[in-house]
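S.K.: Structure incoming, see below.
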Amino acid sequence: MEGTESKDTKHKPMALTKRALIIAVWESLDCTMVGEPELGEIQAALFRQLGAGAEMSPAAIARVLADEGAELRHPEVIEFDARWREAKIEKESRQLQGLEELLMAKPLQLKKAAGLIKRLEKARQRAETSGNEAALHHVHTLAVTGRQQAELLATDRKLDQQERAEQAEIVEWLKVWIQTPVLFADWLELRRRSPEFQKKFSG
């Protein structure tokens, strides 16, 4: 029995933990009406106690509280939720700024490409931690489109042989990152140490 309880606790869905925390914070505020100040306080508590992965929109929190009998100041809740979503989109856009270099019709140097893929991975981790499926899709699309662009450049006869070789190498890097992003950093380190890589790109 004891082992079963431990297993249940270990695999307890975060949604249940978040719901319980939302209700507990609301009750501690000792208010019936809920608007922006109360929702902001609950958002802050979720972040402090459960981390970025527990982030919830004001509207989602308001729905939980409405189920518990809270009275919502509806216009205030809607306006707060809209501002929160706009700020989130703007923040995500800033974090991805510069990654469009992967899509440009000019060859990337290997060092630059490695830096961009490192930023892609950080963006992927942020999106995964926060459960942001739209951001995850955006990051993945950037990588796929960047790989396609590198493939075109790798066969572009206007580039010299070394430039084409670098673009072909970037194609492989992006392929590995798309397939196994968590292993990419270790794979790249081994790849750069390989005799084949040293021979091709030692300069």
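S.K.: Which of the following residues is within 13 Å of Pro181 (Cα to Cα), among the polar types (S, T, N, Q) and at pLDDT 85 or above: Gln148, Gln125? Working first, answer last.
M.R.: Numbers: Gln148 fails: within 13 Å of Pro181 (Cα to Cα).
Sole residue among the options that is within 13 Å of Pro181 (Cα to Cα), among the polar types (S, T, N, Q) and at pLDDT 85 or above: Gln125.
S.K.: A follow-up question, please. Here is a check on your reading of the model: is Ala82 among the small types (Gly, Ala, Ser) and closer than 30 Å to Gly35 by Cβ? Break it down into steps so the answer makes sense when it comes.
M.R.: Numbers: among the small types (Gly, Ala, Ser): yes; closer than 30 Å to Gly35 by Cβ: yes.
It is true that Ala82 is among the small types (Gly, Ala, Ser) and closer than 30 Å to Gly35 by Cβ.
S.K.: Something else now. For the range 145-180, which residues satisfy the criterion of being in contact with a helix residue (DSSP H, G or I) (Cβ under 6 Å, 6 or more places away or on another chain), loosely packed, with under 15 Cβ neighbours inside 10 Å and under 16 Å from Lys118 (Cβ atoms)?
M.R.: Passing the criteria: none in range.
S.K.: For the range 119-127, check the following and say yes or no: at least one residue is touching a Ser or Thr at 6+ places or on another chain (Cβ under 9 Å) and buried (at least 16 other Cβ atoms within 10 Å of the Cβ). Lay out the reasoning, then the answer.
M.R.: The initial filter retains those residues of the range 119-127 that are touching a Ser or Thr at 6+ places or on another chain (Cβ under 9 Å), namely none.
Within the range 119-127, not a single residue is touching a Ser or Thr at 6+ places or on another chain (Cβ under 9 Å) and buried (at least 16 other Cβ atoms within 10 Å of the Cβ).
S.K.: Would you mind telling me which numbered condition in (1) over 23 Å from Leu183 (Cβ atoms); (2) loosely packed, with under 14 Cβ neighbours inside 10 Å; (3) over 14 Å from the mean Cα position of the chain (by Cα) Lys111 fails?
M.R.: (1)
S.K.: Can you tell me which of (1) over 23 Å from the mean Cα position of the chain (by Cα); (2) surrounded by 13 or more Cβ atoms within 10 Å (Cβ to Cβ); (3) not charged (D, E, K, R) is the one Leu190 doesn't meet?
M.R.: The single condition Leu190 does not satisfy is (2).
S.K.: When you scan the range 14-71 for helices (runs of 4 or more DSSP H) that lie fully inside it, which ones turn up with 3 or more residues that are closer than 19 Å to Arg85 by Cα? It would help to see each step written out before you state the result.
M.R.: Values: elements: 14-29, 36-50, 58-67.
Fully inside the range 14-71 and qualifying: 36-50, 58-67.
S.K.: Restricted to the range 8-29, and to residues that are of a type outside the set (A, V, I, L, M), at pLDDT below 90 and exposed (fewer than 14 other Cβ atoms within 10 Å of the Cβ), which residue is nearest to Glu76 (Cα to Cα)?
M.R.: To start, the set of residues in the range 8-29 that are of a type outside the set (A, V, I, L, M) comprises 8-13, 17-19, 26-28.
Restricting the remaining residues to those that are at pLDDT below 90 gives 8-13, 17-18.
If we keep only those that are exposed (fewer than 14 other Cβ atoms within 10 Å of the Cβ) too, we end up with 8-13.
Numbers: Asp8: 38, Thr9: 37, Lys10: 37, His11: 36, Lys12: 33, Pro13: 30 Å.
Among those that are of a type outside the set (A, V, I, L, M), at pLDDT below 90 and exposed (fewer than 14 other Cβ atoms within 10 Å of the Cβ), it is Pro13.
S.K.: Output the residues belonging to the range 115-158 that are over 26 Å from Glu55 (Cα atoms) and among the basic types (Lys, Arg).
M.R.: Those that are over 26 Å from Glu55 (Cα atoms) and among the basic types (Lys, Arg): Arg147, Arg157, Lys158.
S.K.: Turning to a different aspect of this structure: Scan (1) more than 17 Å from Leu142 (Cα to Cα); (2) assigned to a loop (DSSP other than H, G, I, E, B) for the single condition Lys106 breaks and write down its number.
M.R.: (1)
S.K.: Of the residues that make up the range 69-78, is at least one acidic (Asp, Glu), closer than 20 Å to Ala127 by Cα and modelled with pLDDT under 95?
M.R.: No, the range 69-78 contains no residue that is acidic (Asp, Glu), closer than 20 Å to Ala127 by Cα and modelled with pLDDT under 95.
The values are calculated or read from the model by the stated rules, or taken from the named source; none is laboratory data. Because the structure is predicted, anything quoted here is derived from the model rather than measured. We place every Cβ from the backbone using ideal geometry, glycine too, and count neighbours over all the protein chains shown.
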